[in-house]
Structure formats: structure tokens, C-alpha cells
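So the structure is just underneath, and the comments pick up after that.
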Amino acid sequence: MRYSSLPRRYWVAGIAAAVGLLAVATAAEESLPALIQRLQEEKPKFATRQQAMLADRYDLADRPAKDVTMSRGKPTQGGVRVKLPADMTWDKLAAMTPADVKEKGLWPAGFLPLPHPHHEAGGMIFPKFLIDETKKQTDRDLTRFDLDFDLPDHLLPEFPAAIYLTTRPDLGDVSKGKLVTLANFNELFKDALNPKQLEGLRLLVTPFPQQQFNATEDRRSAKAHQGVACFDCHANGHTNASTHTVGDIRPNEHRHRIDTPSLRGVNVQRLFGSQRALKTIEDFTEFEQRAAYFDGIPADAAKKGTNVLERGSQVHFMAEFQALLDFPPAPKLNVFGKLDKSKATEAELRGQEVFFGKGQCATCHVPPYYTDNLMHNLKVERFFKEVTVNGRKASADGPIKTFPLRGIKDSPPYLHDDRLLTLEDTVEFFNLVLELKLSAQEKDDLVAFMRAL
Ligand code: HEC
Ligand code: HEC
């Protein structure tokens, strides 16, 4: 049958349907240049939204605390940075019941879960100082065309971080002030490690394909990419506050932003991941590559080039190196992990009293490493009604790992999702969550104690 023999309305409808189909096909197969252009046009809108939310929640100023630095000298930021609702004080808030705080909507916004820099897009995102140094040393560009990291540098861990080896405490910091990459790891470590550990370290600084950084057209780097190395996030075996959305939760609005944890002291830990509770470093190493790198989507992993590590050698070697990473020295602690009275200040000693007494912190943060290797449900949702903030539904967190507090001043921001910027913030947070009613003096002392850990 020829078209011309059909009534006009049929072929008009036919053409319209064909055009419609074509539009669907183009949307599904948007070319990479078109995708880049579209997402770059949208980028400022989401960046502005995130910065407005951060400014609303926190005081982001560069205000170092007196007389305290991270291990290699970066100033530690001081003061409570979470903003209070209008006409509120921390003491007034602490005097209220959780139900009352919830009912009146008085929970400080900074104590709600923190959304990813662009929550709907999600994925791995690195601070600029890491991107710049990696590019300089290895020519690999970790810039995403669709989004940038959100928090200012002064609130992040020291970069590059110090590295302490359990096997060679005599050497102190072995980083020589450099970021360890594929370009320099051998030179830096050939004399301090055995060949097996050195091979483990090589794999930890070797990039492997990942959801946003790969060689397919479904990526967020301008150029085809080799991928991401473990130490792009766990820089120098510590953390640079690179972030990601957790692979385990759906739908996307419920997925947690996750702060890269330090690998210092993983050797004494028994649970890995803020919620996953994997039982060995080997399991977590394998999980990162097979699942976390691809947001828990095996089909994407297959398409984008997952690097399946061999368990008996590669995973084992990588885990062996990770297990050498020690906490930073804490010269004021004795062998029990408590303050040596001859070295500690009055404030630190009073803080220790509160930590083990009225604060009940040691119920979960048990010395010498200040973790109980368990997970706890802090039930923070007692204090607020469910609310969606920038694409993230603030709801119940569920049980979360008790992160160790040894060396804690070196790894801001705090909590699994970076929602707290200073140790002062963590004290106000736990004062409310645990309903402790600490005095101003007790709070200051707790901070002094945690800085000594
Ligand atoms: C986005 C940057 C990123 C990269 C790249 C990365 N990690 Fe992680 N890593 C994280 C985050 C975030 C977590 C916390 C996960 C969670 O809370 O569920 C984590 C957790 C871990 C843990 C558990 C630590 C703990 O205290 O519970 C280990 C071990 C680990 N990663 C090893 C690795 C290894 C090995 C690689 C390379 C194969 C790697 N990571 C690559 C961000 C990263
Ligand atoms: C019931 C167990 C429990 C008690 C009691 C407790 N904590 Fe925690 N602590 C946790 C858990 C669980 C986390 C991780 C929470 C998260 O990431 O959402 C945590 C996290 C922290 C962090 C941040 C760690 C990091 O790496 O980001 C600090 C600091 C901290 N606690 C200090 C304290 C202080 C101070 C007290 C006492 C006033 C205290 N905690 C009492 C379980 C506890």
C-alpha cells in the first residue's frame, strides 16, 4: 500500500510517531560531547545549591584552633561550626527532650545527613589539591566535567598526609612530604618494605576503571580514562576527604554520602565500611574493586572493565600493605592508651574524666584505640522529621561503625558522611544525641582530650 492512498491524518500520525521514536533514540544515545555540554551547563546550578546549603548549615571560615596541628603541621580548625536555629542556645537545646526538638523543628540542620556535592548524580569526587598533584606526577586527570568537590581545603585533612609504618616506628613519618603515586612509590619505599609489600603498594597506587572514570562513553571525565587508584581517596594510606555515594542503598535519595575513612590502624579493626561490616581487609579490598567502584552494578563493572584482583596474591599483598599503616604517634598516651599524667595538661586530664565518666564515650570508644569494633544505632532520627535536602532524604541512618578515635584530629570532617566539621561539633552532637547535659567546661575539656589521642 502506498502512503498516498491513505487518508492524510494517518500519514501525519505516522510521521509524528517516527519523529517521536527518533527523539527517544537520541535521548538514550546522547553523544558524549552533547552530554558534556548539557552537564556543564547544569553544573553551576547544583554547585550553587550545595554552597547555599553549606552556608546555611555551617560557619565555614578558616579559623584554626590555638596550639594544635595535624601530624605534619596543618592547622586544626576550631570552634563549633554547626549553626543553631534562631534564638536557640546549645544549653536550651540540651534541656529539651528529643520529641520536643523534633516536634518544634529545632534540630540544627548541620546535624542532618549531609548530601553528596550533587546528590542526584553521585559517584566519586576528589578535592582539587589531589587532582592537581596527581596530574602533575602522573598525567592522570581526576577532574569530573559535571561536578566539583564542595568543602573548603582548610576543613579537610592534611595533604599530603604523614605515613607511619607499624614495622618501622623508628622512621617516623615516611612520606617525605610527598603524595605517594605510581610515579614515586618505588623510590620512596624500596628500602623500607619487602618485595611482597611493595607489590601490594604498587597495586594500591595503580588506577583501575571505575563508574565515573573509565574508557567508555559512559564516564564523567573529558578524556577516556585509566581509572581510579585506591590511594586517590585513601591518599598516603590516610584520607583526603574524597567522597562517594554508598553502593548498598536504594533508591538514590536514601544513599549516604560517605567520607573516605583513614586506613591508619585498619590492622586493629574487625569491621570494615560504615555499614557493610565486612570482616577482613581482604574482603573490603576485593569489594571496593568489584562493587563499590561501580556503585554495586555488576553489569556496569563488566562493561567498563572491572579489574578482578587475584585473591591469593594481589588482594593478599594489598591487604598486607594496608595492615602496616599505623596511627600517628600520640606522645601523651601510655601503653593502655590513656593519658600519661606527667605529660598531659589539666584540661586534657579533666577531659579524660568526662570521656570515661559523665560522657559515657568509652562505652563505645574503648581504649587503647578508642573503638569497640562494633556498630551502634545512635537513633538520631529521634530529633527530626524526615526531610529531603538537595536530593538527599534525611531519615534514619541505622547502625554505623564506631570509628576509632586514635589520631582523630588528623581526619576531619567527622561522621560517616562528613556532616561535622570540627571536634567541637562532635561534642555538641553527642551531648544532644546521648542526652548528657555537659557544661561548657566539660565540652572544652573533651575536645582537649580528643586532640591528645
Ligand atoms: C571514593 C574514593 C575511594 C577509593 C578510590 C577507594 N576507597 Fe576505600 N573507602 C572509601 C570510602 C568512602 C569508604 C567507606 C565505605 C563505607 O562507609 O561504606 C572506604 C572504605 C575502605 C575500607 C574500610 C575502612 C574502614 O575503616 O572501615 C578499606 C579497607 C578500603 N576502603 C580499602 C580500599 C582499597 C583497597 C581500595 C582500592 C581497591 C579503595 N579502598 C578505594 C573510599 C574509597
Ligand atoms: C553508643 C555508642 C557511642 C557512644 C556512647 C559514643 N560514640 Fe562516638 N561514635 C559512635 C558511632 C557509631 C560513630 C559513627 C557515627 C557516624 O558516622 O554516623 C561515632 C563517631 C564519633 C566521632 C567521629 C569519628 C570519625 O572518624 O568521624 C567522634 C569524634 C566521636 N564519636 C566522639 C564521641 C564522644 C566525644 C563521645 C562521648 C561524648 C562519643 N563519641 C560517644 C558511637 C558512640
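Can you list residues from other chains, or at least 5 along the same chain, whose modelled amide H is less than 5 Å from the amide H of D259?
Residues meeting the amide H criterion: D417, D418.
Hey, with R₀ at 30 Å, roughly what FRET efficiency would L198 and N373 work out to, going by the Cβ-Cβ distance, to 0.05?
Once rounded, the FRET efficiency stands at 0.55.
Roughly speaking, what is the stretch gain from V308 to R168, that is 0.36 nm per residue apart minus the C-alpha to C-alpha distance, in nm to one decimal?
Values: separation 140, 0.36 × 140 = 50.40 nm, distance 3.14 nm.
Between V308 and R168, full extension yields 47.3 nm more.
How would D67, D170, D295, D59 line up from fewest to most surrounding beta-carbon atoms within 10 angstrom?
D170, D67, D59, D295
Under 25 Å between alpha carbons, and skipping anything fewer than 8 positions from K92 in its own chain: which lysines qualify?
In chain and number order, the partners are K83, K102, K104, K358, K379, K385, K437, K443.
By counting other Cβ atoms within 10 Å of each Cβ, how are T181, T97 ranked from fewest to most?
Going from least to most buried by this count: T97, T181.
Of all chymotrypsin sites (Phe, Trp or Tyr not before Pro) in segment 308-398, which ones are in loop regions per DSSP and have a Cβ with at most 11 other Cβ atoms within 10 Å? Don't skip to the answer; put the middle values down first.
Details: sites: F317, F321, F336, F355, F356, Y369, Y370, F383, F384; in loops: F336, Y369, Y370, F384.
For chymotrypsin sites (Phe, Trp or Tyr not before Pro) across segment 308-398 that sit outside H, G, I, E and B with at most 11 neighbouring Cβ atoms in 10 Å, the list reads F336.
Pull out the extension gain between D191 and E386, defined as 0.36 nm times the separation in residues minus the alpha carbon to alpha carbon distance; nm, one decimal. Numbers along the way, then the final one.
On the way: separation 195, 0.36 × 195 = 70.20 nm, distance 5.42 nm.
Length gained, D191 through E386: 64.8 nm.
Stretched out fully, how many nm does the piece from I297 to L84 gain, at 0.36 nm a residue minus the Cα gap?
72.7 nm
How far apart, in nm, are two points set 7 Å out from the Cα along the Cα-to-Cβ line at E435 and at T363?
Modelled inter-label distance: 1.1 nm.
Given that compact globular proteins tend to follow 2.2 N^0.38 Å, what is the ratio of the alpha-carbon Rg of the chain to that value?
Relative to the rule-of-thumb radius for its length, the chain sits at 1.09.
Which helices count as membrane-span-like in the chain under these terms: full DSSP H, at least 20 Å along the axis by C-alpha, Kyte-Doolittle mean of -1.0 or more?
Values: long enough: 8-28 (30 Å, 1.26); 32-57 (36 Å, -0.70).
Long hydrophobic helices here: 8-28, 32-57.
Taking the Cα centre of the chain as origin and charging only Cβ (+1 Lys, Arg; -1 Asp, Glu), how large is the dipole, in debye to the nearest 20? Before the final figure, lay out the partial values.
Values: 60 positive and 60 negative charges, 138 e Å.
The calculated dipole for the chain is roughly 660 debye.
Separation between the F336 and T69 pseudo-spin-labels, each 7 Å from Cα along Cα→Cβ, expressed in nm?
So the label points at F336 and T69 sit 3.3 nm apart.
Taking a virtual spin label 7 Å from the Cα of D248 along the C-beta vector, which residues in segment 400-430 bring their backbone nitrogen under 19 Å of it?
Residues 400-404, 415-419 fall inside that zone.
Can you list the aspartates and glutamates whose alpha carbon sits under 14 Å from that of K393, skipping same-chain ones fewer than 8 residues off?
By straight Cα distance, K393 reaches E120, E253, E381, D417.
The numbers here are math on the coordinates, done by the rules we state, and not lab data. From a predicted model like this one, the values you see are computed outputs, not experimental measurements. Here the Cβ is made from the backbone with ideal geometry for all residues, glycine too, and neighbour counts use every protein chain on show.
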